[in-house]
1. Among the candidates Q36, Q72, which residue alone is in a helix (DSSP H, G or I), under 19 Å from the mean Cα position of the chain (by Cα) and not hydrophobic (A, V, I, L, M, F, W, C)?
2. Do we have any residue at all in the stretch 77-86 that's touching a Phe, Trp or Tyr at 6+ places or on another chain (Cβ under 7 Å), assigned to a strand (DSSP E or B) and either hydroxyl-bearing (S, T, Y) or on the phi > 0 side of the Ramachandran plot (or both)?
3. Over 16 Å from the mean Cα position of the chain (by Cα) and more than 28 Å from L49 (Cα to Cα): is that true of T128 in this structure?
4. Residue by residue through the stretch 259-282, note down the ones that are touching a strand residue (DSSP E or B) at 6+ places or on another chain (Cβ under 6 Å) and under 25 Å from F53 (Cβ atoms).
5. Considering only residues that are in a loop (DSSP other than H, G, I, E, B) and either more than 25 Å from L197 (Cα to Cα) or β-branched (V, I, T) (or both), which ones fall in the stretch 150-164?
6. From the residues in the stretch 87-98 that are of a type in the set (S, T, N, Q) and outside any strand (DSSP E or B), which one is surrounded by the most Cβ atoms within 10 Å (Cβ to Cβ)?
7. Here is a list: I180, I230, I226. Which entry is farther than 25 Å from L101 by Cβ and in contact with a helix residue (DSSP H, G or I) (Cβ under 8 Å, 6 or more places away or on another chain)?
8. If I190 satisfies all but one of (1) in a helix (DSSP H, G or I); (2) touching a residue at least 12 places away in the same chain (Cβ under 8 Å); (3) more than 18 Å from L249 (Cα to Cα), what's the number of the condition it fails?
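Values in this text are rule-based calculations from the coordinates and carry no lab data. On a predicted model such as this, the values are computed, not experimentally measured, just so you know. We place every Cβ from the backbone using ideal geometry, glycine too, and count neighbours over all the protein chains shown.
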Amino acid sequence: MKPVTLLITLLLSAISWSQQTNETVDIDGANRTFVQYLPVGFDATIESLPVVFILHGIGDLSTNLVNAGFDQISDTARFIAIYPQGEKIIFGHTSWNNGTLLASSSNDFDFFDALIDDMILNHNADPTKIYIEGFSMGSIMAYKLACELNNRVAAIGALSGTMSTEDITHCAPSYITPVIHFHGTLDPIISFASGALPSLSLVPETLNFWINAHGCSTTADSTQIIDSTIDDLKVDRFVYQTCSQPNALEFWRVNGGSHNFFAQPDNDFSESIECWNFLRQW
């Protein structure tokens, strides 16, 4: 490698590394951690960007979701990506305070409140464009935040995780949150239509909650995603009609899908891309 080429490579690597940092915030005397990614060339003096919070599943780490594709999208789509870290529960697994039997007891609501404040104060983030996306246990938490921080969350993306039965019963949002939900029909962890885990709803129950909240018709426009891979999965996209906000409820049914984060080139679509395409409308 030529010296000039090597220098350019090292500089680009340094710039990319500086965009991603490990951060902490004090919540009730406890240090809560998160990974922060600022899009390339970010300048808070001239940009007021959306923020996307990406929440990990049970037992996972925030750093593992950095490879989910949101960083790359943020560079061109222009948003700040934040990966918060959940706290450990009695079994030693990381989790979220989301109303399930495996929830943590951490003060996650003040945590997210503080993170949103930090983004607005220190990075000039757009307070009207705060989005939450989560996988599995993180998806359940995204629904919880749509209920508990209803006045601050513009839209959510739920990947392989349903609402807790607590939220199904008690959630009464004043702002009816737009929702996109992805789920495999053969998910063995968070069941699709039968055999729900204690404290969790099934996919139809979660969708019905938001159909009723948005005043949507129970029918939806349905399209099948082009089957371009050999993953043996067929994907149907449903956009519900006559909602109080047009196109505010969307469901992607992965027929034969398991408890996975679906992404190209292995699958016919990338959840990170489709989730952002939905969130950015709100």
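1. Testing whether each residue is in a helix (DSSP H, G or I), under 19 Å from the mean Cα position of the chain (by Cα) and not hydrophobic (A, V, I, L, M, F, W, C) leaves just Q72.
2. Looking for residues that are touching a Phe, Trp or Tyr at 6+ places or on another chain (Cβ under 7 Å), assigned to a strand (DSSP E or B) and either hydroxyl-bearing (S, T, Y) or on the phi > 0 side of the Ramachandran plot (or both), one finds at least one in the stretch 77-86, hence yes.
3. For T128, the condition - over 16 Å from the mean Cα position of the chain (by Cα) and more than 28 Å from L49 (Cα to Cα) - is not met.
4. F261, E271, C275, F278, L279, W282
5. Correct list: N150, N151, R152, V153, A154, T162.
6. Ranking the qualifying residues of the stretch 87-98, first place goes to N98.
7. Exactly one residue qualifies, and that residue is I180.
8. Result: I190 passes all but (1).
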